[in-house]
Amino acid sequence: VPTTLPPSSSSLSAHNNDRRDFLRTITTSAAAAAAGTTAVILLPSVAEASAGASSNIVMPNYIEYLIEKNAEGLAQTDMLYKGPDPEIQLRRIGEASNRLPEIAQLAEDKKWSQVQGIITGPLGTLLQTMNSVASLAGTKGAKDAAKLVKTDLLEIGAAAQRKDSATCVKNADKAAKDLEKFVNVAFQ
């Protein structure tokens, strides 16, 4: 009498482990064992999911929701997003301009990591704020003035990496003047 092994756990786990598949596997194995043959496991022949069904999920888009709500003609006070606040942007630009004189002193003291820290920290968001203000102003002069300040800040960073204090001080002064010109052009 040939002996047959019970179905392996891997063959059982290949199915969905629901009751129907489990019973089908056990009865097939038991019938094969009673007939004296080796156990054969029948796999379900029908796929239980359609291909790509999960990729058709539509996720809500919050930006489109905001645009839709604003387009409904709500009162100005009920709008969810009113655009960038000019007072906050002016405050950010003012804080950045207050930090520019520190760069000259730090460069003279040869504290290069602190110069880089100011460039990437407090002045890091200055470029984003200036680009936002320039796009709201909509003038070529505002965009050009923003590019000048950006160039000055990049030159300060390059001079700090070369450990060139004279160039760093010169570009810090130039950046302060160019930033003042930007504010005058953008907020006419």
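The values are calculated or read from the model by the stated rules, or taken from the named source; none is laboratory data. All of these numbers come straight from a predicted model, not from anything done at the bench. Quick reminder, even Gly has a Cβ in these numbers, built from the backbone with ideal geometry, and neighbours come from all protein chains shown. SASA here: full protein model, heavy atoms, side chains in, ligands and nucleic acids out. Shrake-Rupley method; radii C 1.70, N 1.55, O 1.52, S 1.80 Å.
For the stretch 103-188, the Kirkwood radius over C-alpha pairs fed into Stokes-Einstein at 37 °C and 0.692 mPa s yields D = 253 µm² per second.
The Cβ shell under 12 Å around Lys181 holds other residues with a net charge of -1, Lys and Arg each +1, Asp and Glu each -1. Working from label points 7 Å from Cα in the Cα-to-Cβ sense, the Lys163 to Gln128 distance is 3.3 nm.
Ligands, DNA and RNA left out, the accessible area of the stretch 100-171 computed with a 1.4 Å probe is 55% carbon and sulfur. Structural descriptor for the stretch 111-182: relative contact order 33 percent, calculated from alpha carbon pairs under 8 angstrom and at least 6 residues apart. Computed over the stretch 125-170, the P(r) tail beyond 16 angstrom holds 44 percent of alpha carbon pairs.
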